[in-house]
1. Measuring from centroid to centroid over Cα atoms, what is the spacing of region 28-81 and region 225-245 in Å?
2. Amide H of Gln25 versus every other amide H placed in the peptide plane: which residues, excluding those fewer than 5 positions away on the same chain, fall under 5 Å?
3. Can you tell me how much longer the chain between Ser291 and Arg90 gets when fully stretched, taken as 0.36 nm per residue apart minus their C-alpha distance, in nm with one decimal?
4. Within 10 Å, count the other beta carbons around each residue, average over each peptide in 260-273, 183-196, 138-151, and list them highest first.
5. Give the long-range amide H neighbours of Leu196: residues separated by 5 or more places, or on another chain, with amide H under 5 Å away, using H modelled in the peptide plane at 1.01 Å from N.
6. Tell me, in nm to one decimal, what length is gained between Ser284 and Glu43 on full extension, where the rule is 0.36 nm per residue of separation less the Cα-Cα distance?
7. Step through the table entries Lys192/Lys228; Lys183/Lys238; Lys130/Lys295; Lys130/Lys228; Lys74/Lys194, compare each Cα-Cα distance with 32 Å, and write down the pairs that go over it.
8. Would you calculate the separation in nanometres between label points at Lys298 and Arg261, each defined as 7 Å from the Cα along the Cα-to-beta-carbon direction?
Amino acid sequence: MIFLRRLLILLSLLCCRLVVAEPLQVTASFSVLADVAREIGGERVLVHEIVHSNQDMHVYRITPQDLRQVRSSKLVLLNGQGFEPAEFVRSIQAAKVPFVEAVQGINLMDNHDEHEHEHNDKHEHSHGDKDPHVWQDPVLMQKYAENIANALISVDAASSDYYKKRLADYQKQLKELDAWATKEIATIPLAKRKVLTAHDAFGYLGEHYQIRFIAPQGVSEDSEPSAKQVANIIRQIKQENIRAVFIENINNPRLVRQLSRETGVDISGKLYSDALPENSSYISMMKHNISELVKAMKQ
C-alpha cells in the first residue's frame, strides 16, 4: 500500500513537470516574424507561422485552419502598420487572443507609394502612411526583437530571465550582422549604389546603407504601375547606367523581365523581401541579400 501511494505521488509529480515543460503556443503572421520569435523563445515556445517561406502576405487569405491555430495560441504576433491585410487583422481580433504588433515604438519611414492609394478601394490592403518593412534594417530589428521578447514575457512571466538572455544574445548577432553589412557595402562607391527591384520593400535597407532602390511597384506588391511610369523607369535605368536588377521571391518576375529586355540589362539574381527562403533564417536571408547586392553593384 505504501509503495502504491509513493508510486502515485511520483506519477503526479512527473505529470506536473510535463505540464510545466509544455512549450508556449505562439502564432506569428509571417516567416520573418516567426523566425525571430523562435530565436528568442527557444525551447520554451512553439511558434506557428500563418504565411510561410516564399509566400506573399499581400495576397494571402486567412483560412479556417489558420484561425483554429490562432484560437489555440496564447499569443499572436503581427508585424503591424498595415503589413497584414485588414481582413487578416480583423480575423485575428475576432479570435480574442492577445496579440502584439512587432513594429510598435519603432520610428517608421514615410510611405510614398503613389500607386497604393488608387488600389485600396479594390483590394483593401494599404500600408498606410508608413512603411512596415522594418526587417530590412538590422539595427531597427533590435527593437523589433525586444518587442517580441516583451510580448512573450507578458504571457509567460515565469520565463522572463530566459527570454531576456536569449534576446541579448540575438541582439548581439544583429549588431554583428550590421557591422558585416556596413563593411561589405562600403566597398561600393556611393555613385554606384543604385538597384532596381520589383516592389519598394527595401526602403529601410536603402536608408541605412545609402543605397538607392528604384521600384516600378510601390510598397504594396500588388499595386500596378502605369505605362508612363514603366517608360520613365526604363529611361532612368539607361540614363543612370543601373546594372543591379533583381527579381524577388514573392513577385511575379514578368515586369522586371520586361524592364531587363527593354534596357538590355541582365537580371542580377533574386532578393528575398517579404518572406524567408525555404529552411532559412532572417540573418541568413540578410546575408544573402547583402552579398547579392554588393556583387551586382560592383559591375
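Coordinate-derived values only; no laboratory data. In this text the structure is predicted, and so the values were computed from the model without any measurement. All Cβ positions, even for glycine, are placed from backbone atoms using ideal geometry, and neighbour counts span all protein chains on display.
1. 36
2. Hits under the 5 Å cutoff: Leu46, Lys74.
3. 68.5 nm
4. 138-151, 260-273, 183-196
5. Ile214, Ala244, Val245, Phe246
6. Gain on extension, Ser284 to Glu43, equals 84.7 nm.
7. With Cα atoms farther than 32 Å apart: Lys74/Lys194.
8. Distance between the two pseudo-spin positions: 3.1 nm.
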